Amino acid sequence: MAKISVWSDNRFWQRSAAWITGFAAVLLIWLTFDTAGQIAMGTDADLQAGVTKRVPGPTVINYKITYEMSTKRGHEVPVIGEKEMFFGRDDYSEEEAGALLHLGKLGSQTKNCMNCHTLLGNGAYYAPDLTKAWLDPAWQDGGTMQAMTGKSTKEEAMAEFLQHPSTYPTHSRMMPDLGITPEEAKGLVAFLKHMSSIDTNGFPRNFGRMQGAVNGK
Ligand code: HEC
């Protein structure tokens, strides 16, 4: 009987397929649990203890968020700093902050921000990426948007812009008025602030270049 080469032996290919499928299944299950752990939302206790989570708890709105270059990781990462006033308060409870974020998330869905903007990688690029919009220097103290809207804080300036975007004409495309109420605007700003605190591995990559998307500043 002629000896069959291993490459033309059916059993060899069947066993290889079974082993590879088994290995891939185990790897996927492991990755699923690893990812679930990495993206689980942190708590207020984490924030108070200074524990860094990829997705901080809702009460991150009580803190100042900055975006700093990490030489180790080769991109910028959100850094949660001191307490900071947000619409006059820095003591939102987990429930209150959670409710605000929820309102903002529902608002972003009903008004379909993604139709023009990108949030965490989903959406369009007709308008600036909103993932890190809260960190756009245009909104900061001394930035153009506070002066333009006549507000003295970042959150009030952003809320005012969201309610009447077409009142603040810019150099390029204009955001249309979407009938956003003051309460919805507050929720949306909380939602944007929280989103900016999420460690997205430096996404969007070109944030540094598109900083000051509003008014080109
Ligand atoms: C029809 C398209 C459209 C929709 C829908 C839309 N926007 Fe905009 N938005 C724009 C455009 C265009 C700009 C850029 C305006 C400019 O350059 O001044 C903008 C700018 C912004 C900015 C400033 C961005 C920055 O980098 O500072 C924020 C914040 C913002 N939009 C939030 C929202 C939110 C929240 C929603 C949903 C509730 C929304 N937008 C829905 C078109 C849109």
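The values are calculated or read from the model by the stated rules, or taken from the named source; none is laboratory data. This is a predicted model, so every value here is computed, not measured. For neighbour counting, all protein chains shown are included, and Cβ atoms are generated from backbone atoms with ideal geometry for every residue, glycine included.
Give the range 116-129 a look and list any residue that's near the ligand (Cβ under 6 Å from one of its atoms) and among the hydrophobic types (A, V, I, L, M, F, W, C), or say none.
116, 127
Is it the case, given these coordinates, that residue 146 is surrounded by fewer than 21 Cβ atoms within 10 Å (Cβ to Cβ) and within 11 Å of the ligand (Cβ to nearest atom)?
No: the conditions fail for residue 146.
Among what's in the range 71-99 and is among the basic types (Lys, Arg) and farther than 13 Å from residue 60 by Cβ, pick the residue that is surrounded by the fewest Cβ atoms within 10 Å (Cβ to Cβ).
72
Scan the range 167-217 residue by residue and report those that are part of a helix (DSSP H, G or I), at pLDDT below 95 and more than 7 Å from the ligand (Cβ to nearest atom).
167, 207, 208, 209, 210, 216
So residue 157 fits all but one of (1) within 13 Å of the ligand (Cβ to nearest atom); (2) crowded, with 18+ Cβ neighbours inside 10 Å; (3) under 18 Å from the mean Cα position of the chain (by Cα); (4) on the phi < 0 side of the Ramachandran plot; what number is the exception?
Here residue 157 meets the rest and fails (3).
Going by the conditions given, is residue 109 within 16 Å of the ligand (Cβ to nearest atom) and polar (S, T, N, Q)?
Spelling it out, residue 109 is indeed within 16 Å of the ligand (Cβ to nearest atom) and polar (S, T, N, Q).
State all residues of the range 48-70 that are over 21 Å from residue 136 (Cβ atoms) and surrounded by 16 or more Cβ atoms within 10 Å (Cβ to Cβ); if no residue qualifies, say none.
53, 54, 57, 58, 59
Residues to consider are 153, 131, 149; find the one that is touching a residue at least 60 places away in the same chain (Cβ under 8 Å) and under 18 Å from residue 88 (Cβ atoms). Full working, then the answer.
On the way: 131 fails: under 18 Å from residue 88 (Cβ atoms); 149 fails: touching a residue at least 60 places away in the same chain (Cβ under 8 Å).
The unique qualifying residue is 153.
Restricting attention to the range 79-105, which residues are in a helix (DSSP H, G or I) and either among the β-branched types (Val, Ile, Thr) or in contact (Cβ under 8 Å) with a residue 24 or more places away in the chain (or both)?
Correct list: 94, 97, 98, 100, 101, 102, 103, 104, 105.
Each row is one residue, and each column tells you yes or no for (1) hydrophobic (A, V, I, L, M, F, W, C); (2) farther than 17 Å from residue 201 by Cβ; (3) free of Cβ contacts under 8 Å to residues at least 12 places away in the same chain.
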residue	(1), (2), (3)
35	no, no, yes
43	no, yes, no
67	no, no, no
123	no, yes, yes
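Just name the residue that is modelled with the highest pLDDT out of those in the range 123-154 that are assigned to a loop (DSSP other than H, G, I, E, B) and on the phi > 0 side of the Ramachandran plot.
Keep residues of the range 123-154 that are assigned to a loop (DSSP other than H, G, I, E, B), which gives 124-132, 136, 140-143, 150-153.
Subsequent filtering for residues that are on the phi > 0 side of the Ramachandran plot retains 142, 150.
Working: 142: 90, 150: 94.
Ranking the candidates gives 150 first.
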